[in-house]
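Take a look at the structure below.
The values are calculated or read from the model by the stated rules, or taken from the named source; none is laboratory data. Worth saying up front: this structure is predicted, and the values here are computed from it rather than measured. Here the Cβ is made from the backbone with ideal geometry for all residues, glycine too, and neighbour counts use every protein chain on show.
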Amino acid sequence: MIGVIATLPIQDKKMDEAIDLIKELMVDVAKEEGTLSYTMNRDKAKPNTIVILERYQDKAALDYHSATPHFKAFFKGIGAFLAGKPEISVMEEIHSIR
């Protein structure tokens, strides 16, 4: 399994628009084969930061997600709301419990 943590710093007064854009993306992400989970979260310590937690079946599923037209459109559009550079961490899952 592959995990991704995407940390997105959002501009003041742009949070609602950013959330709406991410929700639109998530509609299409839910249809991707190999995407196991995709959640949008707000960092309590940094309220202008959205953290997206992603889990993929394998690297091929992550690569597919990154190449989709809906992700490319999202990535282009989210730039208008960012307050800085996003931080993306890609991890290999070693062990999990359910």
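Observations on the structure shown:
- Residues being loosely packed, with under 13 Cβ neighbours inside 10 Å, more than 20 Å from L25 (Cα to Cα) and among the basic types (K, R) are represented in the range 79-98 by at least one member.
- Residue match in the range 67-80 (condition: assigned to a strand (DSSP E or B), modelled with pLDDT of 95 or more and under 13 Å from A6 (Cβ atoms)): no
- Within the range 9-38, no residue that is within 22 Å of G84 (Cβ to Cβ) sits with its Cβ atom under 6 Å from a residue that is modelled with pLDDT under 95 and of a type in the set (D, E) at 6+ positions apart or across chains.
- Leading residue by the ranking (modelled with the lowest pLDDT) among those in the range 7-47 that are acidic (D, E) and under 27 Å from S96 (Cβ atoms): D43
- The lone exception for I97 - which of (1) touching an Asp or Glu at 6+ places or on another chain (Cβ under 8 Å); (2) modelled with pLDDT under 95 it fails: (1)
- Residues within the range 43-67 that are of a type outside the set (S, T, Y), surrounded by fewer than 18 Cβ atoms within 10 Å (Cβ to Cβ) and under 12 Å from the mean Cα position of the chain (by Cα), tallied: 2
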